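Accompanying notes for the structure given below.
The values are calculated or read from the model by the stated rules, or taken from the named source; none is laboratory data. Keep in mind the model is a prediction, meaning the values are calculated, not measured. Glycine also receives a Cβ, built like all others from the backbone with ideal geometry; neighbour counts cover every protein chain displayed.
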Amino acid sequence: MKKTYIGSCHCGAVRYEADIDLSQGTFKCNCSICTKTRTWLTTVSPDAFRLLAGRAESTEYQFNTQTIHHLFCKHCGVRSFGWGDTPEGGKFYAVHVTCLDDVEIDELVSAPITYIDGRNDNFQSSPVETRHL
Ligand SMILES: [Zn+2]
């Protein structure tokens with residue numbers, strides 16, 4: 001069942017609301033940026049994401065194919081969400097589930113995790129090793 005969560009960066013300058021059903025799954029990836037930032041994401045459609053504060057406090061980083069906009073707070077550096085636009089799926093928001101302020105620990109613990117082998121551009125498969133992600 002979808003729930004509306006409040007997410008934010010560490011200092012609170014960036015805040016959003018997102019409608020998420022964590023039981024529908026989350027993902028972790030072994031690509032270069034996800035590994036370095038230990039990213040744990042779920043994705044939502046644009047109609048399920050509302051930025052409440054911090055558009056001007058956010059800056060973004062892009063690399064490689066520049067498909068994903070990796071946003072982070074200019075003040076505290078925390079990456080609380082990002083977004084992308086793919087030819088296949090259209091625009092989506094990627095929510096960092098660890099930045100949801102009102103999520104229950106039990107909800108996170110029981111959320112299914114799909115591991116993605118982004119390091120090898122093998123997005124349909126899991127990496128051989130996932131314990132470090
Ligand atoms: Zn911040």
Next on the checklist: Checking Met1 against (1) in a loop (DSSP other than H, G, I, E, B); (2) within 16 Å of the ligand (Cβ to nearest atom); (3) among the aliphatic types (A, V, I, L, M), only one condition comes out false. Which one?
Outcome noted: (2)
Checklist outcome for this item: Of (1) over 22 Å from Gln24 (Cβ atoms); (2) in contact with a Phe, Trp or Tyr (Cβ under 7 Å, 6 or more places away or on another chain), Val97 fails just (1)
Checklist entry - Can you tell which of Gly7, Gly25, Gly54 is under 13 Å from the mean Cα position of the chain (by Cα) and within 16 Å of the ligand (Cβ to nearest atom)? => result Gly7
Checklist entry - How many residues does segment 77-130 contain that are assigned to a strand (DSSP E or B), within 16 Å of the ligand (Cβ to nearest atom) and not aromatic (Phe, Trp, Tyr)? => result 4
Checklist entry - Only one residue in Gly118, Gly82 is in contact with a strand residue (DSSP E or B) (Cβ under 7 Å, 6 or more places away or on another chain), closer than 22 Å to Thr35 by Cβ and modelled with pLDDT under 95, so which one is that? => result Gly118
Checklist entry - When you scan segment 61-76, how many residues do you find that are within 14 Å of the ligand (Cβ to nearest atom) and either buried (at least 17 other Cβ atoms within 10 Å of the Cβ) or over 30 Å from Ser110 (Cα atoms) (or both)? => result 5
Item to check | Scope segment 51-69; condition in contact (Cβ under 8 Å) with a residue 24 or more places away in the chain, within 16 Å of Tyr16 (Cα to Cα) and of a type outside the set (D, E, K, R); matching residues | outcome: Leu51, Leu52, Ala53, Gly54, Ser58
Checklist entry - Name the pairs: first residue in segment 33-50 and in contact (Cβ under 8 Å) with a residue 24 or more places away in the chain and among the small types (Gly, Ala, Ser), second residue crowded, with 16+ Cβ neighbours inside 10 Å and in a strand (DSSP E or B), Cβ to Cβ under 7 Å, at least 6 apart or on different chains? => result Ser45/Phe92; Ala48/Ala18
